[in-house]
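Below is one structure, written out as structure tokens, with a few remarks after it.
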Amino acid sequence: MKPYPLLFTPTYHQRIWGGDRLRALFGYSIPSDDTGEAWVISDHPKGRSTVSNGAYRGKTIQDLLQMHPEWFARERMERFPLLVKLLDANDDLSVQVHPDDAFAAEHENGELGKAECWYIVHAEPGAQIVYGHSAKTREELQQMIAAGCWDQLLQRIPVKTGDFFFIPHGTIHALGRGIVVLETQQNSDATYRAYDYDRVDSTGKKRELHLDKVLQVTSVPSARAEAQAKTCFEQNLRITQYQTGPFFTVQKWWLCGTHEERSRQEGFTLFSVLSGTARLRWAEGDMEIRKGDHLLLPRNLGRFILEGELDAIVSWPPAKQAALQQAS
Ligand code: ZN
């Protein structure tokens, strides 16, 4: 089978903080009005998306990694490294922190750590996120958590549509209400909940907290990841690179007209269309892509042409060598 761009059917996840904006913004057939997450490109066991187009309709990424490892990387990939989600925070999410790879491997059954980043797709006026904390020492962090001084401890940042945030391992964070994000993250579900606003579910129960692990993995003092956005313009395409490093590279593409590109030889590319439509042509075929579509472009797709007007978030994992060099 010749490589072709893969489209996916997401899995939807209901959350107490979820809403109906994924239907309103993208037209998705969400299962309820408290849908918090759509895992739009996922090979995580808690929600694998399936291919929705072409000969491999119905297959998972795991299936394709077996059949066509050369679509994904130069060397066979043990597991798919990334997970792309849309999150609809209709209410405040719990305040949480994620471990790094070493801690997750040891304490979470071989999970990866979870570095993540957010592109703000939609923000209501006054929307804010939690990002970082004010404690200067681990002892102070422990005391403020024990005393429940969350207002003093948590740092809040106002956000607007189009903002971007990188959230390294060990960063205390939470989405606030009225925000929809496209999240690009390591393929992991390792999350430690620090604070849930003392909410109870429909049966009167609070969600579990993981304060012991929160205290172990939280970075102290808290550091804001430096913005490193760079923009370039070439042949009807403006590219802003928000983030590159040992976990993922994330860019925004604004297309207006016709642009010719080659697939990256180092590995696959993920492509999430946030607005607009375009024709995508490659050697073996062509297709229309539009707002709400999420694609995987195989590394051996070759030359392709995009023609139309769209905004997309584009991401890929580091080449293996680069990851090892940066980590050491
Ligand atoms: Zn998170």
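The values are calculated or read from the model by the stated rules, or taken from the named source; none is laboratory data. Please read all numbers here as calculations on a predicted model, not as lab measurements. Every residue, glycine as well, gets a Cβ built from its backbone with ideal geometry; the counts of neighbours run over all protein chains shown. For the accessible areas, the whole protein counts, side chains as well, though only heavy atoms, and no ligand, DNA or RNA atoms are used. Shrake-Rupley method; radii C 1.70, N 1.55, O 1.52, S 1.80 Å.
Restricting attention to the stretch 109-123, the residues being assigned to a strand (DSSP E or B) and within 12 Å of residue 83 (Cβ to Cβ) number 2. Of the residues making up the stretch 43-52, at least one is under 30 Å from residue 179 (Cα atoms), under 19 Å from the mean Cα position of the chain (by Cα) and among the acidic types (Asp, Glu).
If we keep just the residues of the stretch 202-239 that are out of contact with any Phe, Trp or Tyr (no Cβ under 8 Å at 6 or more places or on another chain), in a loop (DSSP other than H, G, I, E, B) and basic (Lys, Arg), which is least open to solvent (accessible area, probe 1.4 Å)? Taking the candidates together, the pick is 207. Among the residues of the stretch 74-90, those identified as away from the ligand (no atom under 13 Å from the Cβ) and either open to solvent by less than 10 Å² (accessible area, probe 1.4 Å) or at pLDDT below 95 (or both) are 74, 75, 76, 77, 78, 79, 80, 82, 84, 86, 88.
Looking at 119, 131, which is the one that is farther than 30 Å from residue 29 by Cβ, in contact with a Phe, Trp or Tyr (Cβ under 8 Å, 6 or more places away or on another chain) and among the hydroxyl-bearing types (Ser, Thr, Tyr)?
131
Contact map, the stretch 173-198: residues that are farther than 18 Å from residue 128 by Cβ and aliphatic (A, V, I, L, M) paired with residues that are more than 12 Å from the ligand (Cβ to nearest atom) and assigned to a loop (DSSP other than H, G, I, E, B), Cβ distance under 8 Å, separation 6+ or inter-chain. Pairs shown: 190/108; 190/111; 190/112.
Looking across the stretch 157-176, just one residue is surrounded by fewer than 16 Cβ atoms within 10 Å (Cβ to Cβ) and within 16 Å of the ligand (Cβ to nearest atom), and that is 157.
Within the stretch 101-125, being farther than 29 Å from residue 162 by Cα, touching a helix residue (DSSP H, G or I) at 6+ places or on another chain (Cβ under 9 Å) and more than 16 Å from the ligand (Cβ to nearest atom) holds for 107, 110.
Only a single item in (1) closer than 24 Å to residue 42 by Cβ; (2) part of a strand (DSSP E or B) is not met by residue 305, and it is number (1).
Of the residues making up the stretch 26-51, just one is in a strand (DSSP E or B) and out of contact with any strand residue (DSSP E or B) (no Cβ under 6 Å at 6 or more places or on another chain), namely 43.
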